[in-house]
Amino acid sequence: MSLLLRDDGSPALYAEEVREQAARIDQLVPAFQSLILELGSTDRILLDDTIDEVVTTIEDARAVNAGMTAPDAAADVPVVFDLAADAWIRGLERFRVALLKAADEPVPLGVESEVIDAFVDLRVGDELYAQMIERLASADIPPPVGPIPSITFFPRTFPISGTAATVVAYAAADGSPLELNAVLGIEQVTTDPAWIVDVTDALVVENTASLIVKVVVSNTGNTDSNATTVGVELVSNGGVLQTRVLDVPVLAPQTTTTLSTDALEVVPGALYELLVGLPIASIDQVDPSLGRRFEFRINEQVSTTTTPETTTTGG
């Protein structure tokens, strides 16, 4: 809907715009509630992304609300909506900060009270919004084309203290996905020339005297990783060992980097074993994302023999 229509003071258009903005916010309420109801699926990235999206949507709706001309019969509606938006945003941000505090600090003092305050803010926003809907419904203006949705971020059926205690215990637990954690892993290993799988399901590289190993390392965690290294070992069936150490830079969350060795010498026809690994805390640690092992062979050169043609000329 254009700003021209918003600003013309039409009561019918005003009520419809309020409904549209409320519907956009209401669509995101289940995503926020799932952060509480489905704690096992709530990690740090999901928490941030969900709250960022909800807050942005509320702020956009508030900006639209400020740019509209309310009919005289509903002159107080924009003020009440703005108060509801303030309470919702304050509650959402308090909830985020408190949960991350519970996850990050060894002894998160007062964090449960902070979560309670967040829930109270959300409930205040719900009540103010309900009052706004009642006020709009009682005003002598044409109703919108559809019903204005009820928005309830923190339902009355949710016990405030009990819910706060539950989410804080989850966030503060050892190994919580809300903890700051960098998770480095080897995502892919390839070679140049590229190896392929032959009819016997074995890895084979075309005839070559040199080979470059490429390693893709990813950080699937929620914070920057520390700089580290990847070890590469190539050993032939004749016992020739070549080693390389590749530097892994600091990786931001959800990013990757591709590392390459220099050219390693290989012999056509030989069998090789390739080991690629990140540093591990214990020799007993077994994790495919930290170490990979491959066996492959280099194809021998295909020899071709050309027999000269004999030409007979008769006369």
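Test residue 236 against the stated conditions and say whether it is under 16 Å from residue 292 (Cα atoms) and either open to solvent by less than 40 Å² (accessible area, probe 1.4 Å) or at pLDDT below 95 (or both).
When the stated conditions are applied, residue 236 does not pass them.
Restricting to region 196-222, name every residue that is part of a loop (DSSP other than H, G, I, E, B), open to solvent by 40 Å² or more (accessible area, probe 1.4 Å) and of a type outside the set (A, V, I, L, M).
200, 201, 206, 207, 220
Filter region 30-57 for residues that are charged (D, E, K, R) and assigned to a loop (DSSP other than H, G, I, E, B); which is farthest from the chain's Cα centre (by Cα)?
Out of the qualifying residues, it is 38.
So residue 250 passes all but one of these: (1) surrounded by fewer than 17 Cβ atoms within 10 Å (Cβ to Cβ); (2) farther than 24 Å from residue 43 by Cβ; (3) touching a residue at least 12 places away in the same chain (Cβ under 8 Å). Which condition number does it fail?
Going through the list (1) surrounded by fewer than 17 Cβ atoms within 10 Å (Cβ to Cβ); (2) farther than 24 Å from residue 43 by Cβ; (3) touching a residue at least 12 places away in the same chain (Cβ under 8 Å), residue 250 breaks only (2).
For residue 60, indicate whether it is modelled with pLDDT under 95, within 24 Å of residue 143 (Cβ to Cβ), surrounded by fewer than 16 Cβ atoms within 10 Å (Cβ to Cβ) and acidic (Asp, Glu).
no
Which of the residues belonging to region 132-151 are in contact with a Leu (Cβ under 9 Å, 6 or more places away or on another chain) and under 20 Å from residue 29 (Cα atoms)?
If the condition is that a residue be in contact with a Leu (Cβ under 9 Å, 6 or more places away or on another chain) and under 20 Å from residue 29 (Cα atoms), then 132, 148 are the ones that fit.
For region 38-48, which residues satisfy the criterion of being open to solvent by 60 Å² or more (accessible area, probe 1.4 Å) and in contact with a helix residue (DSSP H, G or I) (Cβ under 9 Å, 6 or more places away or on another chain)?
40, 41, 46
When region 23-37 is examined, which residues are found to be open to solvent by 70 Å² or more (accessible area, probe 1.4 Å) and of a type in the set (A, V, I, L, M)?
37
Give the residue that is farthest from residue 205 (Cα to Cα), with candidates limited to residues of region 253-267 that are open to solvent by 60 Å² or more (accessible area, probe 1.4 Å) and out of contact with any Gly (no Cβ under 9 Å at 6 or more places or on another chain).
256
Could you grab me the full set of residues in region 253-280 that are polar (S, T, N, Q) and closer than 30 Å to residue 46 by Cβ? Full working, then the answer.
Pass one, region 253-280, residues polar (S, T, N, Q): 254-258, 260-261.
Hits for region 253-280 are 254, 255, 256, 257, 258.
Name the single residue that is modelled with the lowest pLDDT among those in region 128-142 being part of a helix (DSSP H, G or I), open to solvent by 70 Å² or more (accessible area, probe 1.4 Å) and touching a helix residue (DSSP H, G or I) at 6+ places or on another chain (Cβ under 8 Å). So that I can check it myself, show each step before the final result.
Within region 128-142, the subset part of a helix (DSSP H, G or I) is 128-138.
Next cut, open to solvent by 70 Å² or more (accessible area, probe 1.4 Å) only: 131, 134-135, 137-138.
When the remaining residues are screened for being touching a helix residue (DSSP H, G or I) at 6+ places or on another chain (Cβ under 8 Å), the result is 131, 135.
On the way: 131: 95, 135: 91.
My answer is 135.
Using the structure shown, decide if residue 145 is open to solvent by 20 Å² or more (accessible area, probe 1.4 Å), touching a residue at least 24 places away in the same chain (Cβ under 8 Å), assigned to a helix (DSSP H, G or I) and more than 15 Å from residue 33 (Cβ to Cβ).
Taking the combined requirement at face value, the residue does not satisfy it.
Could you pull out the residue among 79, 115 that is open to solvent by 50 Å² or more (accessible area, probe 1.4 Å) and either in contact with a strand residue (DSSP E or B) (Cβ under 8 Å, 6 or more places away or on another chain) or at pLDDT 90 or above (or both)?
Checking each option against the conditions leaves just 79.
With the structure loaded, tell me whether residue 122 is surrounded by 19 or more Cβ atoms within 10 Å (Cβ to Cβ) and touching a residue at least 40 places away in the same chain (Cβ under 8 Å) or whether it fails that test.
Spelling it out, it is not the case that residue 122 is surrounded by 19 or more Cβ atoms within 10 Å (Cβ to Cβ) and touching a residue at least 40 places away in the same chain (Cβ under 8 Å).
Could you run through region 74-104 and say how many residues are in contact (Cβ under 8 Å) with a residue 24 or more places away in the chain and of a type in the set (Val, Ile, Thr)?
3
Give the number of residues within region 252-277 that are under 17 Å from residue 189 (Cβ atoms), in a loop (DSSP other than H, G, I, E, B) and within 21 Å of the chain's Cα centre (by Cα).
Counting residues in region 252-277 that are under 17 Å from residue 189 (Cβ atoms), in a loop (DSSP other than H, G, I, E, B) and within 21 Å of the chain's Cα centre (by Cα) gives 0.
The values are calculated or read from the model by the stated rules, or taken from the named source; none is laboratory data. Because the structure is predicted, anything quoted here is derived from the model rather than measured. When we count neighbours, we look across all protein chains shown, and the Cβ atoms used for this are built from the backbone with ideal geometry, even at glycine. For the accessible areas, the whole protein counts, side chains as well, though only heavy atoms, and no ligand, DNA or RNA atoms are used. Shrake-Rupley method; radii C 1.70, N 1.55, O 1.52, S 1.80 Å.
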